[in-house]
């Protein structure tokens, strides 16, 4: 069993490495679709298997939709936890993965609520930059040198933009002189075993410049995946 797990881990790692190589040649292997506040990555040469998602996240999909030709969609749904307003009770952060007949990931659809926190132009730039990032297999991290990031001029959400869509945060703090809104979520999905119950818990921390009143950083954790986007590095602004 241990040998099988080691082999599986190696195969998953190689497929992730192939995805990184594809991102390095983004325009050849990836097509971006932005529609109705959805941000969808279409993968021209699918690599990752649906089993890889379960292996990496330790979560099973919230629901599965079978489609024609053997294709299917996996949904990973998160609800606000706690839901501090009636509007939040009706909202779901839903990530949609479409798999082809060979069980390989053909597209990944980011939830509109996630796109509110990571606007499309910044989200695309961040994903593109992963292709030139440095891998640390020991720490299981992928970091991008600020010098390799593009410099964007697009506007960033204001505090009222986020509050009007996301509703009141679960918490609010001041960190490094920035106003931080904290949103917490829980996945409507079962873990592969009880020991991974914490993988259902997710969090997004939104950092706002109190002077410019705009979003300058996103730190999040969804399905065990940690991410951090510093919008100041993408706009060429120095941290205050």
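The values are calculated or read from the model by the stated rules, or taken from the named source; none is laboratory data. Computed from a predicted structure; not experimentally measured. Neighbour counts run over all protein chains shown; Cβ positions are idealised from the backbone, glycine included.
Just a few scattered comments:
- Helices (runs of 4 or more DSSP H) within the range 58-138 that include 1 or more residues under 15 Å from the mean Cα position of the chain (by Cα), touching a residue at least 40 places away in the same chain (Cβ under 8 Å) and surrounded by 20 or more Cβ atoms within 10 Å (Cβ to Cβ): 112-117, 120-129
- For the range 210-226, taking the residues that are touching a strand residue (DSSP E or B) at 6+ places or on another chain (Cβ under 8 Å) and without any contact (Cβ under 8 Å) to a residue 24 or more places away in the chain, the one that is nearest to residue 151 (Cα to Cα) is identified as 219.
- Hey, residue 162 within 28 Å of residue 76 (Cβ to Cβ) and either at pLDDT 95 or above or buried (at least 19 other Cβ atoms within 10 Å of the Cβ) (or both) or not: yes
- Residues of the range 170-186 classified as under 23 Å from residue 199 (Cα atoms) and touching a residue at least 40 places away in the same chain (Cβ under 8 Å), total: 5
- Residue within the range 88-98 that is under 24 Å from residue 17 (Cα atoms) and in contact with a helix residue (DSSP H, G or I) (Cβ under 8 Å, 6 or more places away or on another chain) present: yes
- Filtered residues of the range 204-220 (kept if part of a strand (DSSP E or B), out of contact with any helix residue (DSSP H, G or I) (no Cβ under 6 Å at 6 or more places or on another chain) and over 15 Å from residue 115 (Cα atoms)): 207, 209, 214
- Of the listed requirements (1) modelled with pLDDT of 90 or more; (2) part of a helix (DSSP H, G or I), residue 234 misses just one: (1).
- Residue under evaluation residue 231, criteria (1) surrounded by 19 or more Cβ atoms within 10 Å (Cβ to Cβ); (2) closer than 30 Å to residue 64 by Cα, criterion not met: (2)
- For residue 54, the conditions (1) within 18 Å of the chain's Cα centre (by Cα); (2) exposed (fewer than 15 other Cβ atoms within 10 Å of the Cβ); (3) assigned to a helix (DSSP H, G or I) are fulfilled apart from (2).
- Flag if residue 56 is under 17 Å from residue 201 (Cβ atoms) and at pLDDT below 95: yes
- Filtered by the rule that a residue be out of contact with any helix residue (DSSP H, G or I) (no Cβ under 6 Å at 6 or more places or on another chain) and part of a strand (DSSP E or B), the range 184-203 gives 184, 185, 201, 202, 203.
- All positions within the range 165-176 that are modelled with pLDDT of 95 or more and within 13 Å of residue 209 (Cβ to Cβ): 174, 175
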